[in-house]
Structure formats: C-alpha cells, structure tokens
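The values are calculated or read from the model by the stated rules, or taken from the named source; none is laboratory data. Values in this document were obtained by computation on a predicted structure and should not be read as measured data. When we count neighbours, we look across all protein chains shown, and the Cβ atoms used for this are built from the backbone with ideal geometry, even at glycine.
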C-alpha cells in the first residue's frame, strides 16, 4: 500500500472529526502519520480545537441551565 499524499491525509483527519473512518482509511492515515510530522501536527491541532469547542459548548449549556435555575428561584422568591 502506497503512502497517501498530505492533501488526502488532511482530508481524512477532517473526516475523522465528523465520522468514524473505515478500516482502510485508518490504515492509510496511520501509515502517512508515521512519516509526516506536518500532518501529525495538523492532527494534534485539529483535535485540540475540537476539544476546545466541545468544552465551550458544554460550558455554554451549563450557563443556560444555571440561568434557568436562577430565574426559577427568583420567580419563587417573588411569589412568596
């Protein structure tokens, strides 16, 4: 199996964020990453960005839930 070019590797890295790669895609990407430092960096950066976005979304969701709790508590206070 020939080593895939960087363009195809970066495409697979991006696809990996959206769906599970097929076995063949995983093997191709793994082989490329063994020899390409630049694509390893791109993978690490992509994963870091993905983690940061998930953290921000989770924090935003928690803030929304906290806001609802505070509004409910305020409503209860105003009624009493």
When you check residue 61 against the structure, is it surrounded by 10 or more Cβ atoms within 10 Å (Cβ to Cβ), assigned to a helix (DSSP H, G or I) and modelled with pLDDT of 80 or more, yes or no? no
Within the range 1-16, track down each residue that is under 19 Å from the mean Cα position of the chain (by Cα) and buried (at least 16 other Cβ atoms within 10 Å of the Cβ). 9, 10, 12, 13, 16
Look through 28, 67 and report the one residue that is under 17 Å from residue 10 (Cβ atoms) and out of contact with any helix residue (DSSP H, G or I) (no Cβ under 6 Å at 6 or more places or on another chain). 28
How many residues, within the range 17-58, are under 19 Å from the mean Cα position of the chain (by Cα) and either in contact (Cβ under 8 Å) with a residue 60 or more places away in the chain or outside any helix (DSSP H, G or I) (or both)? 4
